[in-house]
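What follows is a short report on a single structure.
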Amino acid sequence: MTEIMRETLVALADLTRAHFFFVWPLLFCSGLALAFVNYGGFSWELVGRAALIGLSGFTAGLVLNDYIDREYDRRDVDGSLTRYWRPFGERPIPTGKLSPRAAFAVFLLLAGFAAALAATLPAPHNLYVLGIMGYSYAVEYFYQTKKRNQKIPLAQVIGRTDFALFPVAGYLVYGNPDATALLFFLFFYPWTLAHLGANDIADIVNDRARGMATIPALYGMKGAIAWVLGFSAVHAGMALVFGLALGPVTLAGFAVGLVLLGAANHLILRGKSPEAAMRALPLMHASLLVYATAVIAGAAL
């Protein structure tokens, strides 16, 4: 392997956050698992197709994030969060390892592949999934640009609906818009907002350098901590409601996830610093994995 090829692969791994690759299809297919339970039937072929849609579609959104923010990311002064999210610890566009044009081409390739697979789903499921994909990419653009200049956190409140709809799209691969789809959204949306608040606390030094109106920039550290705690509490309430609807196996898994989320909140509340939020993020991400696994296990057992 030539040095140029190796550097390109490293840059692509950082661009796509490659070490998190297994999370996105697992979360997407947790929605599909519930659809199999509610509507009957099962297909490994459809699971494989859905996993690829989830993986490529979500990764495309991550690449789009980098492309939209490419100039602002050059202002970073603290690499802690970058090293957490990127397997080789760099943002490849600002460092010149990957051109903006090449990054946008990667986005188009991934999004096009996900859309082509989604189009093969029977109607109206293909329209459901394609509609959520289009909405999510549009909202990602809104989020990245709106948070540069805002007085209230519209970017965050609207922007995180794309992440919250991700497992719902997995459900709609086989299922239809119904009470379960709504409950999944209402369960997951507060988690995405709590997670965003923790991520913003961890990256506050860079966001100040970029001039971004993130949660701690708008409300200070105390306000950002209250944001994380508040949405975590709302999420815990919805976890109880959703878990009771899904059965004892999933409810038990949700309890484990809430313990992890509670530990993350404790770290943030005790530390009140970007460093504390950095220590909390792995616990929050672990809770996400537990939730997705619990949903699938509850559907399978």
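The values are calculated or read from the model by the stated rules, or taken from the named source; none is laboratory data. All of these numbers come straight from a predicted model, not from anything done at the bench. Ligands, DNA and RNA are stripped out before the accessible areas are found, and what is left, the full protein with its side chains, is counted by its heavy atoms. Shrake-Rupley method; radii C 1.70, N 1.55, O 1.52, S 1.80 Å.
What to note about this one:
- Our summary gives the chain a relative contact order of 21 percent, counting only alpha carbon pairs under 8 angstrom and 6 or more residues apart.
- Computed Rg/Rh of the stretch 231-301, alpha carbon atoms with Kirkwood Rh: 1.05
- Per-residue ellipticity at 222 nm, computed for the chain from helices alone with -39500 (n - 2.57) per DSSP H run of at least four residues, works out to -26500 deg cm²/dmol.
- Mean accessible surface per residue for the stretch 133-251, computed with a 1.4 Å probe while every protein chain stays in place, in Å²: 36
- Ratio Rg/Rh [Cα only; Rh per Kirkwood] for the stretch 72-150: 1.07
- Note on the chain: GNM, Cα springs under 10 Å; of GLY262, GLY220, GLY54, the largest mean-square fluctuation is that of GLY220.
- When the convex hull of its Cα atoms is projected in every direction, mean area for the stretch 3-49 (nm²): 4.1
- Candidates LEU260, LEU26, LEU218: whichever shows maximal mean-square fluctuation once the chain is modelled as a Gaussian network with Cα springs under 10 Å: LEU218
- Counting all C-alpha pairs of the stretch 145-209, share separated by more than 21 Å (%): 34
- Global size of the stretch 1-110 as Cα Rg and Dmax, reported in angstrom: 16.6, 52
- Percent RCO, i.e. relative contact order, over the stretch 110-240, from Cα pairs under 8 Å lying at least 6 residues apart: 23
- With all protein chains in place and ligands, DNA and RNA left out, the 1.4 Å accessible area ranks VAL205, VAL173, VAL106 as VAL205, VAL106, VAL173, largest first.
- Shape category assigned to the stretch 199-278 from the gyration tensor of Cα positions, a/c cut at 1.5: prolate
- Note that the chain shows a convex hull volume over its alpha carbon atoms of 124 Å³ per residue.
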